[in-house]
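What follows is one structure encoded as structure tokens, with my remarks underneath.
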Amino acid sequence: MKWPLQQVTWEKIQPHQIDLLTTCNLSQGKSYTSKFRRQILSNCSQGMRRASIVLPHVTASDSGLYRCRFKASTGENETFVMKLTITDGKTDNRHILFVAGGTVLLLLFVILITTIIVILYKRRRRREKRVLVKESWDTQNKASNNYRSPIFTNQPSDDAREDIYVNYPTFSRRPKTRV
């Protein structure tokens, strides 16, 4: 507040009741602590402009709505409601499981994609090697057998024809006499 506080009241709001935690009346210079089951510490002092309480050794049962009502020396009234959430020390690991599971799935996906790429690359290399080996084998085989390619690469451009000569052994035309 801009002005010094005159009266501060802290309460715990529960569904079936409202518990008074502490009241600090600075105009009378007195602080009252209720018979609430918990020890409550407050910063009640003359001329203060902020109000706070301390709940030592909180447990999950201290969770809930807390209301602070105060009145300034000018007569201005304010009320604030705060929600206090306290866990019992156990953490909720469900989100950790989702993050860990997602990370594992992403890692498996990356491994799968990498494996597929490597397999495809190796197949391609094998095919290229087969083609090279086959071409090399065909070339060697043709050269050793003196085969001629069935496809003529040097076709004459005009209608000129070449003579073809064939070597074959001469056989006698006379029949053999039988003995």
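The values are calculated or read from the model by the stated rules, or taken from the named source; none is laboratory data. Because the structure is a prediction, the values reported are computed rather than measured. Note: areas computed on protein heavy atoms with side chains; ligands, DNA, RNA excluded. Shrake-Rupley method; radii C 1.70, N 1.55, O 1.52, S 1.80 Å.
Can you spot a residue in the stretch 154-173 that is under 30 Å from S61 (Cα atoms) and either among the acidic types (D, E) or at pLDDT below 80 (or both)?
The answer is no, given that none of the residues of the stretch 154-173 is under 30 Å from S61 (Cα atoms) and either among the acidic types (D, E) or at pLDDT below 80 (or both).
Please work out which residue is nearest to the chain's Cα centre (by Cα), limiting yourself to the stretch 43-60 and to residues that are more than 17 Å from C24 (Cα to Cα) and open to solvent by less than 70 Å² (accessible area, probe 1.4 Å).
The residue in question is A60.
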